[in-house]
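Reading through the structure tokens given below for one structure.
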Amino acid sequence: MTVIERTGVTTFRGSPVTLLGPEIAAGDRAPDFTVVDSALTPFRFSSLSGTTRVISAVPSLETPVCDLQSRRFNETVAEFPGLSVLTVSVDLPFTQARWCGAAGAKDMRTLSDHRDLSFGMAYGVAIKEFRLLTRAVFVVDASDTVVHAEYVADIGQAPDFDAVVSAVQKAGTAPRPADRTA
């Protein structure tokens, strides 16, 4: 099987890295993938078909920007009933569970791609040089169409959070109504 290699998409500390897999763009059908959850149980992306999903790819939850990104999306999922947020890294599930406990992240799912880079290769976010995932965000609507795709230009930078929220709303997921009892 030929693996697509892409350069010039993102950098790590100013140096270009090679991404493996195809570039996913808005309008594409969302590829399926299988990763593992914190209980080491296989998780298929297609099991959430029919819902709006945010896929947040990070190199490692234990770095400052990944921590920020993951905490922000954990807050975002609480604002949108019916939204699923999946944070995917190659961290071991035990590391992910420890991070969730320390961060109080209860509303999103952390998933590990450490076994075979199924997600990384399907979404073109696997970094050849490091066997990590690059920073990227995808919003997938209920019909499994990608409505937003962002490959962050430098791994040390955060994604465009406002663009993700806008894409979630465009996908038909309404924010939780404000409390009007005051």
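Considering only residues in the range 99-115 that are assigned to a loop (DSSP other than H, G, I, E, B) and more than 14 Å from Phe33 (Cα to Cα), the one that is nearest to the chain's Cα centre (by Cα) turns out to be Met108.
Does Thr63 meet the test of being surrounded by 12 or more Cβ atoms within 10 Å (Cβ to Cβ), closer than 24 Å to Ala153 by Cβ and at pLDDT below 95?
Criteria met by Thr63.
Checking the range 140-159 against the condition returns no match, with no residue being of a type in the set (Ser, Thr, Tyr) and either touching a helix residue (DSSP H, G or I) at 6+ places or on another chain (Cβ under 8 Å) or farther than 21 Å from Ala30 by Cα (or both). Is there a residue being of a type in the set (Val, Ile, Thr), under 16 Å from the mean Cα position of the chain (by Cα) and farther than 19 Å from Leu48 by Cα anywhere in the range 136-158? Yes, the conditions are met somewhere in the range 136-158. When Ala126 is tested against the conditions (1) in contact (Cβ under 8 Å) with a residue 12 or more places away in the chain; (2) surrounded by fewer than 21 Cβ atoms within 10 Å (Cβ to Cβ); (3) among the small types (Gly, Ala, Ser), the lone failure is (2). Candidates Ser56, Ser89, Ser112, Ser38: the one that is at pLDDT below 95 and of a type outside the set (A, V, I, L, M) is Ser38.
If I ask for residues that are assigned to a helix (DSSP H, G or I) and either surrounded by 21 or more Cβ atoms within 10 Å (Cβ to Cβ) or not small (Gly, Ala, Ser) (or both), which ones from the range 140-173 would you list? Write out each step before concluding.
Narrowing the range 140-173 to residues assigned to a helix (DSSP H, G or I): 161-170.
Within the range 140-173, Phe161, Asp162, Val164, Val165, Ala167, Val168, Gln169, Lys170 qualify.
Taken over the range 30-49, the criterion of being surrounded by 14 or more Cβ atoms within 10 Å (Cβ to Cβ) and of a type in the set (A, V, I, L, M, F, W, C) is satisfied by Ala30, Phe33, Val35, Val36, Phe43, Phe45, Leu48. If you go through the range 70-84 and keep only what is in contact with a Phe, Trp or Tyr (Cβ under 9 Å, 6 or more places away or on another chain) and either farther than 16 Å from Asp113 by Cβ or at pLDDT 95 or above (or both), you end up with Arg72, Phe73, Thr76.
The values are calculated or read from the model by the stated rules, or taken from the named source; none is laboratory data. Computed from a predicted model, the values in this text were never measured in an experiment. All Cβ positions, glycine included, derive from the backbone under ideal geometry; neighbour counts span all protein chains shown.
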